[in-house]
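Notes for the one structure printed next.
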2 protein chains.
Amino acid sequence: MSMSELESAMIAIIHVFHKYSGYKCKLKKAELKDLINNEMSHFIIVRHSLSTLDELFADLDQNGDLEIDFQDFIALIAMMTSTCHDLFSTDHRH
Amino acid sequence: MSMSELESAMIAIIHVFHKYSGYKCKLKKAELKDLINNEMSHFIIVRHSLSTLDELFADLDQNGDLEIDFQDFIALIAMMTSTCHDLFSTDHRH
């Protein structure tokens, strides 16, 4: 039996993180920038709801080591998915 | 240009939530149970790391209305994806 849509989605998020982080399992600011520019090109509205990359990165990088780990990354994806959901729901209701 | 793997993953998470919540945009406990059983059948290890469904639901349902909204749901998915990531990373390192 193949994986469900939800399971595939969870694996895809892990996969894209590692595509940009490589084996170090941490994203530097430039890597996060590339990831957002390359992998979220259709979600311009959602990206516009974010603060600037510098502010965003500072928020996510709570220990100040200039890298974000998977836990920080998934928090970002959750926030963006939630924004995306709100935008779609608003569209449907009006 | 088609959506990236990450964008498709974010849409898939929104889609599965609505598949079980319907138009009310909230999941009741029985609906969350069905969603976990049907859509996370390959992630048994991850599910075992969760508390019981009753405890999990009580944790997520912070306002006590016996329903969880998308924000609560995405927090759960983030937690499960992070557990999933940790398990895979541990496998790779040992």
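The values are calculated or read from the model by the stated rules, or taken from the named source; none is laboratory data. All values reported here derive from a predicted model rather than from experimental measurement. Virtual Cβ from ideal backbone geometry, glycine too; neighbours counted across all protein chains shown.
Are any residues in the stretch A:1-27 more than 7 Å from chain B (Cβ to nearest Cβ) and β-branched (Val, Ile, Thr), and if so, which ones?
A:11
Could you pull out the residue among B:73, B:57 that is of a type outside the set (Asp, Glu), within 11 Å of chain A (Cβ to nearest Cβ) and out of contact with any Ser or Thr (no Cβ under 7 Å at 6 or more places or on another chain)?
B:73
Being at pLDDT 85 or above, in contact with a helix residue (DSSP H, G or I) (Cβ under 8 Å, 6 or more places away or on another chain) and among the aliphatic types (A, V, I, L, M): is that true of residue B:45 here?
no
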